[in-house]
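Beneath this line is the structure, given in structure tokens, with notes to follow.
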Amino acid sequence: MQRTIIGFLILGSLITAPALSIGAGAVYKNLLVENGDGYLGLVGDVYFKLLPFLGVRFGIAEVDLPEGETSYKFGVHTGANLFLAFPLEGMPISPYILFGLTYAGDRNKRLDLIGGGGFNLSLNPQFGIYVESAINYYSHENPAGIKSEGNPLYIGGGIKVKIPML
């Protein structure tokens, strides 16, 4: 059900969005965590600019590379964030604030809240780069009632390619 709703949201965004971008980048995750080591990750995203100051990002690919293992997710269920942009007229740079929320309530209960910021730098009308950082608060409880919480920081950046809309 959740994937169906996300699929309809993406389809609706595609139909109504005045601007669409595809992004790919690298992130350094799990920073500022007491009992964890930072690790590299790779991400792929689709960005929809709904209004000049409002956008949404859906993750379509995520590869995590912590030491000794690799995990990956592909599809529309790797995450979503809402962006509030502050366009600077006549400037190629655009700062933004991002927010995200994920809740999974099956046998394993998980809540994720994301908050952070970054900026986009347009290099030409179709191509740009981005840099961002955010804190991801999470709370996870397994069926045995064991709970874990944390608020790791991530720092990332990458490229964005704009796709012209009809």
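Do you know the relative contact order of the range 2-163, to the nearest whole percent, from alpha carbon pairs under 8 angstrom that are 6+ apart?
Worked out over the range 2-163, it gives 21 percent.
For the pair ASP106 and TYR39 in one chain, pulling the backbone fully straight at 0.36 nm per residue adds 21.3 nm over the alpha carbon distance. Each Lys and Arg adds +1 at its Cβ and each Asp and Glu adds -1 at its Cβ; summed about the Cα centre, the chain shows a dipole of about 520 debye. The label-point distance for LEU50 and SER148, in a model that sets each label 7 Å from Cα toward Cβ, rounds to 3.3 nm.
Taking the charge dipole of the range 2-163 about its Cα centre, with +1 at Lys and Arg Cβ atoms and -1 at Asp and Glu Cβ atoms, the residue from TYR137, ASN151, LEU113 reaching farthest to the positive side is LEU113.
Compared with the dominant Cα axis of the chain, that is its longest principal axis, helix 2-16 is turned about 10°.
If one computes P(r) from the Cα atoms of the range 2-163, what percent of pairs lie at distances over 23 Å?
Roughly 40 percent, rounded to a whole number.
Entry note, the range 43-135: relative contact order of 18 percent, from Cα contacts under 8 Å with a spacing of 6+ residues.
Each reported figure results from applying straightforward, stated rules to the coordinates on display, with no laboratory input. Worth saying up front: this structure is predicted, and the values here are computed from it rather than measured. Here Cβ is always computed from backbone atoms with ideal geometry, including for glycine, and neighbour counts include all displayed protein chains.
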